[in-house]
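This report refers to the structure that appears directly beneath it.
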Amino acid sequence: MALDQSFVGRAYPPTEPYEVGREKIREFAEAVGDANPAYTDPEAAKDLGHPDVIAPPTFVFAITFKAAGAVIADPQLGLDYSRVVHGDQKFAYTRPVRAGDRLSVTSTIEAIKSMAGNDILDIRGEVHDATGEHVVTAWTKLVARAAEEG
């Protein structure tokens, strides 16, 4: 069954703040194999003009995808998560994520499409710091595969 188009534009409440720690950034950089010293060495980050270590660009996926969980779990939307695959991800940064940031995410359903029996859901996550400054916008595309026949 196709997802309800009337959900396009629906925004969900902001998440509780997520505090970005140096150790989480270091672990993430290590996990993705990125040895950029700005991710692990505060002095290297300061030499580049940052107040502390910064996170790799895809670090924010963890908090934006968790925030998208409010959309995914919305019983009125009716998304069958057992059939969902991650279709795409993109980010537009105002500034890098930094150690010490307290980030909140507001998720909005940006588009719902049906194609070949599959439902395609685009979720926009607006990430702001504790002062309300925009940090990054993340777009997540989820594809709910069509049920198999017979």
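For segment 63-150, averaging the sequence separation of C-alpha pairs within contact (under 8 Å, six or more residues apart) and dividing by the residue count gives a relative contact order of 35 percent. Using θ = phi - 60° in the Karplus curve 6.51 cos²θ - 1.76 cosθ + 1.60, the 3J(HN,Hα) couplings for segment 137-144 round to 10, 10, 10, 10, 10, 10, 10, 8 Hz; x is entered for Gly and Pro.
Which whole-number percent is the relative contact order of segment 106-150 (Cα, under 8 Å, 6+ apart)? Taking the mean separation of contacting Cα pairs over the length of segment 106-150, I get 35 percent.
Working note: Cα atoms of segment 82-150, range along each principal axis, descending, whole Å: 53, 19, 15. Backbone amide hydrogens, once placed in the peptide plane, bring residue 136 within less than 5 Å of 94, 127, excluding anything fewer than 5 places away on its chain. May I ask you to derive the relative contact order of the chain, considering only C-alpha pairs under 8 Å and at least 6 residues apart, and to give it as an integer percent? RCO, the chain: 29 percent. As a rough guide to protection, the peptides 5-13, 60-68, 93-101 ranked by mean Cβ packing within 10 Å, highest first, stand as 60-68, 93-101, 5-13. Take the chain with all the other protein chains still there, run a 1.4 Å probe, and you get 55 Å² of accessible area per residue. Protection proxy ranking of 134-144, 16-26, 82-92, 49-59, by the mean of other Cβ atoms within 10 Å over each peptide's residues and highest first, is 134-144, 49-59, 16-26, 82-92.
From the Cα gyration tensor of segment 33-104, with a ≥ b ≥ c the square roots of its eigenvalues, which class applies: rounded if a/c is under 1.5, or else prolate if a/b is larger than b/c, or else oblate? Prolate.
If you roll a 1.4 Å probe over the chain with all protein chains in place, what percent of the accessible area is carbon or sulfur?
Of the solvent-accessible surface of the chain, carbon and sulfur hold 54 percent.
Only helices enter this figure: runs of n ≥ 4 DSSP H residues, each worth -39500 (n - 2.57), summed and divided by the residues of the chain, yield -5500 deg cm²/dmol at 222 nm to the nearest 500.
Largest mean-square fluctuation among 103, 48, 79, in a Gaussian network model of the chain whose springs join Cα atoms under 10 Å apart, belongs to 48. Got a sec? Charge dipole of the chain, +1 on Cβ for Lys and Arg, -1 for Asp and Glu; which of 109, 64, 6 is way out at the positive end? Working it through, the farthest residue towards the positive pole turns out to be 6.
The values are calculated or read from the model by the stated rules, or taken from the named source; none is laboratory data. Quantities reported herein were computed from a predicted structural model and do not represent experimental measurements. Every residue, glycine as well, gets a Cβ built from its backbone with ideal geometry; the counts of neighbours run over all protein chains shown. When the accessible area is computed, the model is the full protein with side chains, heavy atoms only, and any ligands, DNA or RNA have been set aside. Shrake-Rupley method; radii C 1.70, N 1.55, O 1.52, S 1.80 Å.
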